[in-house]
Structures are given as structure tokens and as C-alpha cells.
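Here's the structure we're looking at; comments come further down.
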């Protein structure tokens, strides 16, 4: 199978490499907007589908396209990527001591099939000090990450109390489910 990863995310790339999947990365610019009437689970699927379709327009239907989008949800509200340092500190302060969920939507397009699903993982943070939050933001600069953190970085090591669900989903791709879906196309 010839596979395209429709994502610039180094974490998604790394996860597919760990799964020993042969793929190439091709991205096409897309707006990360969505209709207001979608549920929280439908939003990342919708955005992932837009990414997949944009790459399909660029490359044609001969290859399998894997696209994903991840959202962080606290109190039924999507927390996006931080706009700046102050926003990152505020987001992490809001997550501190609370449980949030990470939802990744995945869309896989092949010539004759479309697979779409969302995976949800619940993450509980310990109460973090302002010093810990500021240290993390200043050292790791998590401005390209939904929820202003990466679980595989320092903040995850010291700040995560528990997770319920797929750890790799929090990194940006429920890779075992992606592999199962790809195998179903054979």
C-alpha cells in the first residue's frame, strides 16, 4: 500500500514510523474551521476530512491518505493552540488539577473506501505550580500544540496524574486503531 500522511505534525510522523508503516508526508493548506452544529467528537473528524480531501485533490486517488486532527476539551469547550506565551500559561493554569479530554479525529481515504473515527482519552493533571507552568512554557514553547502541552515532554512526566485511554492519542494519533483500519483495507 502506498500511504500518505496528510499532516505536518512531527509527532504523527514519529508514531507511524514507530509502527513501521511506509509512508510519505504531503500536506495541503486547509482552514481548521467547522460548522457550528457538530458535536465535540465530530469536529476533529470534520477537520481531518478537509485535510485528507485537500491532499487527495493534490495527489489523486491512487494512494491511501491518512489525516488527523486533535482537540483538547475542558468543561465541554475546545481549547485550541495558544496564541502566545500568556495564553499558554492561562491554558495550562486552567488544566492544572483538572481532568480534560483529548479527541483525535482520523480520516483514511482510499480509492474505494473512507474510514472515519474519533478516539477520546481522558487526562487528569496534578495541581501544577505557576513556576512549573512558566518553566514549561518558556523552555518547551508549546505554541503549536492543542491544549498548550505535549504529554511526551517534561510537563507530561511531572504533571499527569492519570490517563484513561490511548496514550498515543494524546500525542496526536491513536496509532493502533489507525494500523487496524489500514489493515482492513488490504
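Among 131, 41, 62, which one shows the biggest mean-square fluctuation in a GNM of the chain, springs joining Cα atoms closer than 10 Å?
Looking only at 131, 41, 62, the biggest GNM fluctuation is shown by 131.
Roughly how large, in nm² to one decimal, is the mean projection of the convex hull of the alpha-carbon atoms in the stretch 144-186?
So the mean shadow area of the Cα hull is 3.8 nm².
Dividing the convex hull volume of the Cα atoms of the chain by its residue count, what figure in Å³ per residue is obtained?
Numbers: hull volume 20.7 nm³, N = 186.
Enclosed volume per residue, from the Cα hull, is 111 Å³.
What's the exposure ranking of 100, 126, going from fewest to most Cβ atoms within 10 Å? Write out the running numbers ahead of the final one.
Details: 100 18, 126 13.
Least crowded to most crowded, the residues run 126, 100.
Between the stretch 159-186 and the stretch 80-124, how far is it from one alpha carbon centroid to the other, in angstrom?
Centre-to-centre distance over Cα atoms comes out at 12 Å.
Set the Förster radius R0 to 30 Å, insert the Cβ-Cβ distance between residue 161 and residue 14 as r into 1/(1 + (r/R0)^6), and round the FRET efficiency to 0.05. All intermediate terms of the calculation are to be shown ahead of the outcome.
Numbers: r = 25 Å, r/R0 = 0.83.
Once the sixth-power term is evaluated, E becomes 0.75.
Could you identify which residue out of 124, 57, 152 has the top mean-square fluctuation in a GNM of the chain using Cα springs shorter than 10 Å?
Comparing 124, 57, 152 in a Gaussian network model of the chain, the most mobile one is 57.
Based on the alpha-carbon gyration tensor of the stretch 66-130 and its eigenvalue square roots a ≥ b ≥ c, which shape applies: rounded if a/c is under 1.5, prolate if not and a/b is larger than b/c, or oblate?
Details: a/c = 3.97, a/b = 2.26, b/c = 1.75.
Prolate is the answer for the stretch 66-130, as a/c is 1.5 or above and a/b outweighs b/c.
Which value in Å is the Kirkwood Rh of the stretch 1-50 over different Cα pairs?
12.4
Could you work out which residue, out of 90, 145, 81, moves most in a Gaussian network model of the chain, that is, has the largest mean-square fluctuation with Cα springs under 10 Å?
90
So what is log10(I(q)/I(0)) for the stretch 95-186 at q = 0.12, 0.15, 0.18 1/Å, when the Debye sum runs over its Cα atoms only?
Log10 of I(q)/I(0), two decimals: -0.45, -0.63, -0.80.
Find the relative contact order for the chain and round it to a whole percent, using C-alpha pairs within less than 8 Å whose residues are 6+ positions apart.
About 22 percent, as a whole number.
Could you line up 120, 33 from fewest to most neighbouring Cβ atoms inside 10 Å?
Details: 120 17, 33 9.
In increasing order of surrounding Cβ atoms, one gets 33, 120.
All of the numbers you see were taken from the coordinates with simple rules; none came from a lab. These figures come from a predicted structure and were not determined experimentally. Note that each Cβ is placed from the backbone with ideal geometry, even for glycine, and that neighbours are counted across all protein chains shown.
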